[in-house]
1. Let me spell it out: the conditions are (1) under 26 Å from Ala173 (Cα atoms); (2) surrounded by fewer than 12 Cβ atoms within 10 Å (Cβ to Cβ), and Gln73 meets all of them except one. Which number is the exception?
2. So, of the residues in the range 56-106 that are acidic (Asp, Glu) and without any contact (Cβ under 8 Å) to a residue 24 or more places away in the chain, which turns out to be farthest from Met121 (Cα to Cα)?
3. Among the residues in the range 41-52, are any surrounded by fewer than 10 Cβ atoms within 10 Å (Cβ to Cβ), farther than 30 Å from Phe130 by Cα and polar (S, T, N, Q)?
4. Could you say whether any residue in the range 146-161 is in contact (Cβ under 8 Å) with a residue 12 or more places away in the chain, of a type in the set (A, V, I, L, M), in contact with a strand residue (DSSP E or B) (Cβ under 7 Å, 6 or more places away or on another chain) and more than 29 Å from Ala85 (Cβ to Cβ)?
5. Given (1) surrounded by 15 or more Cβ atoms within 10 Å (Cβ to Cβ); (2) at positive phi, identify the lone condition not met by Asp178.
6. Out of Leu58, Leu90, which single residue is part of a helix (DSSP H, G or I), in contact with a helix residue (DSSP H, G or I) (Cβ under 8 Å, 6 or more places away or on another chain) and at pLDDT 85 or above?
7. Here is a check on your reading of the model: is Thr189 buried (at least 16 other Cβ atoms within 10 Å of the Cβ) and over 21 Å from Ala100 (Cβ atoms)?
8. Quick one: is Glu125 within 34 Å of the chain's Cα centre (by Cα) and without any contact (Cβ under 8 Å) to a residue 12 or more places away in the chain?
Amino acid sequence: MTEDKEQKMSDNDEKTEENTEEVSGNSDAAEDNPDSAVTDNETEKLRAEIAKLKDAYLRAYAESENTKKRCQQEIEKNAKFALSAFAKELLPVADNLHRAIASVSAENREQYKSLLEGVEMTQKELTKVFNKFGIKKIDSLDKVFDPNFEQVVQEIEDTEKPAGTVVAELQSAYLLNDRILREAMVIVTKGGKK
């Protein structure tokens with residue numbers, strides 16, 4: 001049996017040598033025949049096309065990522081400011097609660113004590129809800145007029161205060177997530193110190 005194995009190994013070695021010669025012969029033939037092999041010019045064209053396709057892919061991918069980011073930002077913005085129409089409708093309610101509290105004179109406070117407490121509690125609860133949803137009241141009194149947040153409805157003479165100082169607030173300004181929801185309507189000084 002050992003002789004059979006040696007014979008088979010010898011046959012396999014001869015076949016391997018023949019296959020190697022055939023492969024090397026084929027590669028020589030490919031080098032000699034320009035039609036059967038891809039030329040350098042075609043290789044360069046293919047590389048250029050690959051580079052072009054890769055660039056187009058990267059640009060399309062970047063554009064899709066940018067679109068995704070813009071959509072996410074738009075969704076966040078819409079979620080933040082979706083309440084604006086509803087909040088604008090609630091602002092007169094806050095104004096009326098404030099007016100109701102202010103309308104009770106010092107002499108009548110004891111007489112209307114429980115009613116006044118109820119209105120104040122309602123106003124506090126509304127303020128809590130406003131704060132929860134990012135609605136903030138801007139105080140303008142005794143500050144310099146700011147056209148971004150206030151609208152002048154009247155000017156009065158006052159030599160005690162600098163010109164443009166807010167001396168009365170007819171309607172309060174409110175912000176929704178740092179965006180103006182409603183401007184204040186104010187009375188400012190004219191004349192006075194500059």
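The values are calculated or read from the model by the stated rules, or taken from the named source; none is laboratory data. Bear in mind the structure is a predicted one, so any value in this text is a computation, not a measurement. A quick note on method: Cβ atoms are made from the backbone with ideal geometry, for glycine too, and the neighbour counts reach across all protein chains shown.
1. If we test Gln73 against (1) under 26 Å from Ala173 (Cα atoms); (2) surrounded by fewer than 12 Cβ atoms within 10 Å (Cβ to Cβ), just (1) comes out false.
2. In the first step, residues of the range 56-106 are kept if they are acidic (Asp, Glu); the result is 63, 65, 74, 76, 89, 95.
Checking which are without any contact (Cβ under 8 Å) to a residue 24 or more places away in the chain leaves us with 63, 65, 74, 76, 89.
Working: Glu63: 53, Glu65: 49, Glu74: 37, Glu76: 33, Glu89: 20 Å.
That would be Glu63.
3. For the range 41-52, residues surrounded by fewer than 10 Cβ atoms within 10 Å (Cβ to Cβ), farther than 30 Å from Phe130 by Cα and polar (S, T, N, Q): present.
4. There is at least one residue in the range 146-161 that is in contact (Cβ under 8 Å) with a residue 12 or more places away in the chain, of a type in the set (A, V, I, L, M), in contact with a strand residue (DSSP E or B) (Cβ under 7 Å, 6 or more places away or on another chain) and more than 29 Å from Ala85 (Cβ to Cβ).
5. Asp178 satisfies every listed condition except (1).
6. Only one candidate passes the filter, namely Leu90.
7. For Thr189, the condition - buried (at least 16 other Cβ atoms within 10 Å of the Cβ) and over 21 Å from Ala100 (Cβ atoms) - is met.
8. So Glu125 passes the test.
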